[in-house]
Amino acid sequence: MATVKVLDPISRIEGHLKIEVSIDTVRGLQQVVDARATGTLFRGFETILQGRSPLDAPDITQRICGVCPVSHGMAAVVTLDRAAGIAVPENGRILRNLVLAANFIQSHILHFYHLAALDYVDGPNQAPWQPSWKTDKRVSGAAANALVGNYVAALAMRRKAHEMGALFGGRLPHPPTYRAGGITATPRPERIDAYRAYLNELIPFIQNVYLNDVNTVASVYSDYFRIGKGHGNLLAYGVFDLDSTGEEKLLNRGRWVNGRRDVLRVDVGSITEQVRYSWYDDRTANLNPASGVTTPQYPKRGAYSWLKSPRYQSIPYEVGPLARMWVNGDYSNGISVLDRHAARALECLKVAEAAMGWLDEIVPDAPVIAPYEVPDSASAYGLTEAARGALGHWLNIRNGRIENYQVITPTCWNASPRDGNGRRGPLEQALVGTPIKNQAEPIEVLRVIHSFDPCLSCAVHVMRPKKEAQVFTVAMGSGPAACRP
Amino acid sequence: MQVSRRQFLSLLGASSAAVVAGLPLKSFALPAGAMKVIWLQGAGCTGCSVSFLNRIAPTAPHSVDEVLLDIVELSFHTTVMAAAGDQAVSAAEAVYAQGGYLLVVEGGVPTAFGGATCWAWTRNGVDVTFKDVVTRYASKAAGIVCVGNCSSFGGIPAAPPNPTGVKSVRAATGKKTINIPGCPAHPDWLIWVIAQTLAGANIALDVLGRPIELYGTTVHDQCWRNGMEHATEFGQDNLCLLGLGCKGPETYAPCPVSMWNGSANWCVDANAPCIGCTEPTFPIGRPVSVPAGGGDDEDDDHEDEDDDERRNER
Ligand code: SF4
Ligand code: SF4
């Protein structure tokens, strides 16, 4: 008989998550045989946005998440730019990228050291590092001392990454400089120099310390290259536009289906959200976010999460650094707990090195923002990436006001509950088959969860949009038809 | 592996001085003598926690690791603590049972759906709402500190139509709170309040529960751009942003002095108008950002009265 174990709260993530696992012995191995992920916070952000000026969207949507606010700011301004057909000045594009890059770097460092590492090494002998589970902590001795020491060094590094981003973001988290049409900050020479100086500290840290520590963990936990694969489907919207058309990105858009050979294109119209197991009205199932509706219904029979289930052609996809690096041909070792950590660390380096190059592309004294007028009516979407995966905003403007705003966050993809076909969400699926040494301390479950870097504040949805919300078909406007394999 | 606190510090060469901004603190030898802190997160975004990690100052505690190692015993904080599930809840419950802890609350308190839009944890198989936990934990706290606009005033989750019935901690618990609004709150403001509390100082508060020492003056009155020519479009350096909708004149906060991210920058110095993130009106009934050349637009004027009402309600 399987034992059901409830883990709530899941700590060392952003936001509120409850995980329920069934543990049983199959072929002599005690393991997870089923899992349910429950998003336990709902704020109704998109309802708050209705009726407001579209210009409020960047500032308000950033507050969806304090770990990835810059990505929400980016998604919102891109959506607004597209709604008005505005071309953002080159400097505006570059400075937006630089603030976002800084936040990617801080988020990846924070994730490995401060959210994930304590699954592998025991921390100092006091709160908040104790109490802790002692099961299967294999990093020991000098290696453990070094890793815990780097935990503190990494606190300073992630802080510096935020200072770097604030140079053009104004402050972090929640940078106030992201605006429709560009950015408000100017590339003053002393700030470009300061940004470069921060990168000169961060890049060696990523290369020599962060990557090294991921290796240390990988060398003693090599079994985790075979744990936590999940469905094996990967999706990336792409991020860091390299030119004003947005067609070429540092990390391009693409999709990978388990067992197939080629990277496939992404058709935004194929994304729908299902609600069979979510606390929302069943009549709102299967809608594309462009016409999405969210009507909370609590309690509801069979439902167990405030997260909806986004699906692509009805199939669950994992999003995140591994998906991005994979569809861009930068990583192909495998899909597992450790592959997620490795791809994240390598991406951190790739982004930092690219940012160094962008500093040289800044044109002194050229404009950073184009004048912006809110269109009377328009429909648009903006796709980007948060550190933890694909992020999309969808907007309808009517009479110059927000009529409908929909957000699909990365953690909605990853930590979603089962869909209408009964298929588990990616995190749920990845948990199945995870071996468990000690039922009382299922640390293995935390390792799988943390590898996704979940960010649950993103359990947000619209409620009661206007009845006449229009359905429109979205064609893929930009992005490569087929990415590199 | 277990390292003792001393070994841990020597590993890093970290200082353990316990003086905050010239304010003498008692000697806090952890784990025995330190103030226990329970940090609860409700309807918020974790931005205040991330901001807290950004602490950097010329005086101790210089950075967040010193705060955690030398100043307070952070018994419960789900974003950073090692423990999960029952072990984490038991850690909080043990401190609660003793009483006398400092309760830090981040995020507002949802009251719609019986509080079911925000759960704190599962205990003995029962889901416990954040509302219940905050109310219970507030009853035995030595002090309650609301970090950020959401716990102080409701913040963005409480903006109209307030879909989940979010209340401030004060309104939800009826207890006196020290409010450190800001979206997010600045780490120095929080650490200043913690230091004063530990030193047993009496913190003078304004009618909104904000420390007067921190929030006694408007952003505008401290702003470097006060008196400069007015900007007429975005993206210009060294001009006053009043014409672009800057809320500095009606916003009480020390940003021009404390600046942000280790003095790397602050809103106005990045040419971004103050959006009033320390005020109870944020972001209610008016745009947080406005088109160039405009003030609040006409449509929103009639909502000003609502603002006042909401302000009083909270
Ligand atoms: S920029 Fe804002 S805060 Fe500064 S002087 Fe002008 S109106 Fe006042
Ligand atoms: S300047 Fe205004 S918007 Fe910026 S942090 Fe300070 S109070 Fe908030």
Legend entry - Averaged over B:117-125, number of beta-carbon atoms from partner chains that fall within 10 Å: 6
Legend entry - B/A buried area, accessible surface, summed, 1.4 Å probe, Å²: 7300 Å²
Legend entry - Positive-end residue, the protein assembly as shown charge dipole about Cα centroid, Cβ charges, pick of A:GLN50, B:LEU190, B:HIS77: B:HIS77
Legend entry - Radius, Kirkwood style, for the stretch B:16-214 when every pair of distinct Cα atoms is counted (Å): 16.9 Å
Inset, instruction - Grab the DSSP H runs of the protein assembly as shown that are 4 residues or longer, score each as -39,500 (n - 2.57), total them, divide by all residues and round the 222 nm result to the nearest 500 deg cm²/dmol. - result: -9000 deg cm²/dmol
Legend entry - Listed residues A:TRP394, B:VAL64, B:CYS118: farthest to the positive end of the dipole of the protein assembly as shown (Cβ charges): B:CYS118
Inset, instruction - Could you sort out which of B:LYS131/B:LYS176; A:LYS18/B:LYS131; A:LYS137/A:LYS350; A:LYS308/B:LYS131; B:LYS36/B:LYS176; A:LYS18/A:LYS137 sit more than 21 Å apart by Cα distance in this structure? - result: A:LYS137/A:LYS350; A:LYS308/B:LYS131; A:LYS18/A:LYS137
Legend entry - Net dipole in debye of chain A [+1 Lys, Arg Cβ; -1 Asp, Glu Cβ; about Cα centre; nearest 20]: 1160 debye
Inset, instruction - For peptide B:87-95, compute the average count of partner chain beta-carbon atoms within 10 Å of each residue's beta-carbon. - result: 3
Inset, instruction - Rank-order A:175-186, A:21-32 by packing density, defined as the average count of other C-beta atoms within 10 Å over each peptide's residues, highest first. - result: A:175-186, A:21-32
Legend entry - Solvent-accessible ranking of A:ASP81, A:ASP360, B:ASP132, largest area first, probe 1.4 Å: A:ASP360, B:ASP132, A:ASP81
Inset, instruction - Partner chain Cβ atoms within 10 Å, averaged over the residues of A:161-170 - can you pull that number for me? - result: 6
Legend entry - Dimensionless Rg ratio for the protein assembly as shown, taking C-alpha atoms and the 2.2 N^0.38 Å reference: 0.87
Legend entry - About the Cα centre, charge dipole magnitude for the stretch B:16-214 (Lys/Arg +1, Asp/Glu -1 at Cβ), debye: 520 debye
Legend entry - Over the stretch A:1-134 - Rg/Rh using Cα atoms and the Kirkwood inverse-distance radius: 1.11
Inset, instruction - Would you mind telling me the share, in percent, of accessible area of the protein assembly as shown contributed by carbon and sulfur at probe 1.4 angstrom? - result: 50 percent
Inset, instruction - Would you mind estimating how fast the stretch A:100-154 diffuses translationally, via Stokes-Einstein at 37 °C and 0.692 mPa s with the Kirkwood radius over Cα pairs, in µm²/s? - result: 276 µm²/s
Inset, instruction - Provide the net charge surrounding A:ILE227, with neighbours chosen by a C-beta distance below 9 Å and charges set as Lys +1, Arg +1, Asp -1, Glu -1. - result: +1
Inset, instruction - Determine the per residue accessible area of chain A with all protein chains present and a 1.4 angstrom probe, expressed in square angstrom. - result: 29 Å²
Inset, instruction - Rank these by accessible area, largest first, 1.4 Å probe: A:TRP129, A:TRP326. - result: A:TRP326, A:TRP129
Legend entry - Dipole magnitude of the stretch A:2-57 about its Cα centre (Cβ charges: Lys, Arg +1; Asp, Glu -1), debye to nearest 20: 80 debye
Inset, instruction - For the stretch A:299-353 and the stretch B:175-195, write down the distance between their C-alpha centroids in whole Å. - result: 36 Å
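The values are calculated or read from the model by the stated rules, or taken from the named source; none is laboratory data. Note that the coordinates shown come from a computational prediction; the quantities given were computed from them, not determined experimentally. Neighbour counts run over all protein chains shown; Cβ positions are idealised from the backbone, glycine included. When the accessible area is computed, the model is the full protein with side chains, heavy atoms only, and any ligands, DNA or RNA have been set aside. Shrake-Rupley method; radii C 1.70, N 1.55, O 1.52, S 1.80 Å.
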